[in-house]
1. As an exercise, find the ratio Rg/Rh for segment B:244-301 from alpha-carbon atoms, using the Kirkwood inverse-distance average for Rh.
2. By what distance, in whole Å, do the Cα atoms of the protein assembly as shown stretch along each of the three principal axes, largest value first?
3. Determine, for each peptide in B:124-131, B:399-406, the mean count of other beta carbons within 10 angstrom over its residues, then list the peptides with the highest first.
4. Can you compute the equivalent ellipsoid semi-axes for segment B:146-190, i.e. the square root of 5 times each eigenvalue of the Cα gyration tensor, sorted largest first and rounded to whole Å?
5. Pairs of Cα atoms under 8 Å, at least six residues apart: use those to get the relative contact order of segment B:393-446, whole percent.
6. Within 10 Å of each Cβ in peptide A:22-35, how many partner chain Cβ atoms are there on average? Round it to a whole number, please.
7. Could you work out, residue by residue across B:280-290, how many beta carbons of other chains sit within 10 Å of that residue's beta carbon, and then give the average as an integer?
8. Does anyone have the angle between helix B:161-170 and the longest principal axis of chain B? Alpha-carbon axes, 0 to 90°, nearest 10?
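Please treat every number below as a calculation from the coordinates, not as lab data. Keep in mind it's a predicted model, so treat the numbers as computed, not measured. Cβ: placed from backbone, ideal geometry, glycine included. Neighbour counts: every protein chain shown.
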Amino acid sequence: MHRQIMLSSTYRMSSRGNAKALAADPTNQLFWRYNMRRLSAEEIRDSVLAVNGALNRKKMFGPSVFTIIPREILHGQSQPGANWGNSSPTERNRRSIYVHVKRSLVVPMFESFDAPDLDNSCPVRFTTTQPTQSLALLNSVFSQREAGIFAEFLKKQAGNDTVAQVTLALKRSLQRPPTDTEVQRGVSLIAAFQSQDKANADAALKSFCLLALNLNEFLYVD
Amino acid sequence: MTQPNIQNSSFCGRTRREFLWETGAGFTGLALSGLLDSDFLSRQAVAADGKTKFVNPLAPKDPHFDPKATSVIFLYMYGGPSHIDTFDYKPAMKGMDGKTIDVKTFGRGGRKAKGRIVETPWNFKQHGDCGQWVSDLFPNFATCVDDVAFLHSMTADSPIHGSAMLMMNSGKIVSGSPCLGSWVNYGLGTQNENLPGFVVMLDPRGGPISGAKNWSAGYMPASFQATIMRSQGSPILNLKRPDGISDSMQRRLLDALRAYNNEHQVRRVDNSDLAARIASYELAYKMQSSAPEATDLASETKETQAAYGLDRKESSYFGRQCLMARRLVERGVRFIQVYSGGNHNDANWDAHGDLKRNHDIHALETDKPIAGLIKDLKQRGLFEKTMIVWGGEFGRQPTAEYAKGTGRDHNSYGFTMWMAGGGIRGGVSVGKTDELGSAAVEDRFHVRNLHATVLNQMGLDPNRLSYFFNGLDQKLVGVEGAEPIRQIMA
């Protein structure tokens with residue numbers, strides 16, 4: 001049945017809109033196009049790790065892993081830190097499906113990106129847009145760490161040439177070759193971080209990596 | 001407005017409002033305008049330029065009727081403060097200390113038919129014009145009784161912390177339902193988009209049993225969840241710009257991000273999620289400075305800080321939180337919950353061991369700050385619009401839990417809470433427990449009546465405010481509904 005659905009022309013349609021269809025069926029009840037969607041909470045985390053090369057794809061199955069939950073969130077527990085273990089970095093980089101589920105202690109990023117409340121069955125997830133998501137993707141320890149790992153990855157794969165680094169970063173994040181404009185914008189940004197904001201080269205590249213992991217095109221699937 | 005009970009909605013049987021959340025509080029095409037409320041539309045400002053104003057699911061909504069209060073501060077005495085030792089004076093217990101009597105109780109120790117009386121170790125005196133009895137635990141708060149309505153006949157369904165906490169916070173003894181603050185924000189939206197609409201502040205010793213379940217939005221979208229705010233350091237998770245990134249660098253990054261996002265959006269202009277997300281970065285940027293401003297207590301005068309007990313070590317932590325709560329109210333935050341007590345046992349009001357030691361500690365931490373808060377709200381003209389609720393998940397038993405010692409077990413058969421401000425009458429006392437305080441006997445109220453009162457004062461009809469989930473128009477007060485406690489309304 002999966003094959004039948006996935007090979008149908010309906011399933012394979014693009015999500016591009018057109019004025020006529022939008023006027024006739026704005027909510028796509030009749031599936032004249034594929035619904036554009038945002039990545040789910042777990043997909044966002046997995047995608048970040050896939051893009052910067054950290055994702056541990058090799059290990060499947062086995063016991064759950066514990067991601068790092070900030071101390072201020074653990075503080076909400078009556079026994080802060082109780083029953084939330086410490087996994088090694090390799091273990092922690094496994095897919096989100098392996099993250100331990102504890103109803104009263106949800107990984108903040110998952111919660112922010114509409115992972116469902118674990119007390120109820122959830123037929124369809126909400127897709128909210130709220131500033132806590134942006135704050136998480138910009139400022140969280142997770143994002144900062146993964147942006148740094150991304151920068152190291154780029155330096156290893158693309159050497160020290162900024163054009164090559166930016167091109168590779170966007171290629172991995174957007175899953176398509178970037179345009180010249182997009183590359184140039186990134187290169188100029190990195191230069192400006194250094195000349196105007198007095199950041200060193202590493203910090204500048206890391207900030208560009210952070211940007212690449214915040215792009216709408218990274219979060220939304222056509 | 002509440003959700004209408006629509007049977008003919010076109011999206012998986014859900015209401016229109018849920019559909020809007022599904023699409024990220026936006027809409028997929030202008031042709032939808034025929035389906036939407038005009039007040040909703042007037043709040044939209046979609047433009048393809050990417051500088052779209054953020055469409056906030058917490059945008060202000062009209063209440064059902066004129067509200068008395070616009071904000072709630074819930075001072076949560078976690079662990080269950082003993083009513084018998086605080087506000088419910090029981091002269092009949094005098095001289096009975098140590099006597100074993102027949103009295104039905106139900107606590108964590110199970111159901112008992114008799115017990116050994118523990119007389120209160122504190123003195124009670126009458127205060128104010130209303131003559132409310134208050135124990136020596138609260139010398140400062142005692143001076144405020146003429147502004148307060150006491151509920152002496154509260155009852156709840158469970159004498160166990162986890163389920164009792166969930167009931168007091170969400171109306172159900174099992175987890176998964178939205179909390180009081182979520183309901184308030186769902187019904188009214190928030191007045192200040194730069195701050196969360198539902199704030200929780202925790203005790204330094206830890207959170208309450210069940211943790212985040214006590215401030216969860218349950219089956220409502222994550223927008224209605226509480227935000228934990230700290231009273232020291234960076235107030236909200238991820239609010240602080242990381243070390244090594246200057247404001248100008250972040251600004252430059254955000255501008256570049258918007259440039260990329262604008263290009264992406266040009267060929268996907270019908271997806272308003274994209275515009276909303278672009279706008280949410282601007283809001284996040286603003287929050288980085290507006291939220292810390294709200295929590296910056298250095299700008300408060302020395303007198304004010306002292307009035308909240310900041311000058312004394314024991315009361316300074318809770319005092320800071322109360323002062324922050326006042327500031328948040330001034331800035332339009334709808335619902336603020338401050339926990340006194342955390343973790344387990346004597347780290348909170350759960351006095352199973354040494355009753356005197358336990359309550360002396362927690363009263364010392366909270367008495368001055370609470371009095372300071374009430375007086376400060378009054379002098380700033382905020383008291384009428386701010387509803388304060390005080391209490392825990394249950395009270396305590398008149399009899400000892402163990403063969404030896406003064407510790408009291410939990411008691412949900414009858415306990416005391418109080419309310420003040422927000423159109424609540426001052427200097428009144430309603431309901432009664434029996435002569436020992438073992439159970440409410442007159443004018444018995446349930447937690448859902450308290451919840452109904454909170455919603456009512458905020459201008460929401462508790463029996464009308466509903467959220468469709470799981471085939472039911474869910475209400476905070478349950479399908480049976482509940483009446484607000486009208487005796488305490490001005």
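1. Result for segment B:244-301 is an Rg/Rh of 1.16.
2. 89, 55, 53
3. B:399-406, B:124-131
4. The equivalent ellipsoid of segment B:146-190 has semi-axes of 21, 20, 6 Å.
5. Working: 71 pairs, mean separation 16.7, N = 54.
Taking the mean separation of contacting Cα pairs over the length of segment B:393-446, I get 31 percent.
6. Working: counts 7, 3, 2, 3, 10, 11, 2, 2, 0, 0, 0, 1, 0, 3.
Mean inter-chain Cβ contacts per residue within 10 Å come to 3.
7. Mean partner-chain Cβ count within 10 Å for B:280-290: 4.
8. Helix B:161-170 sits at roughly 50 degrees to that axis.
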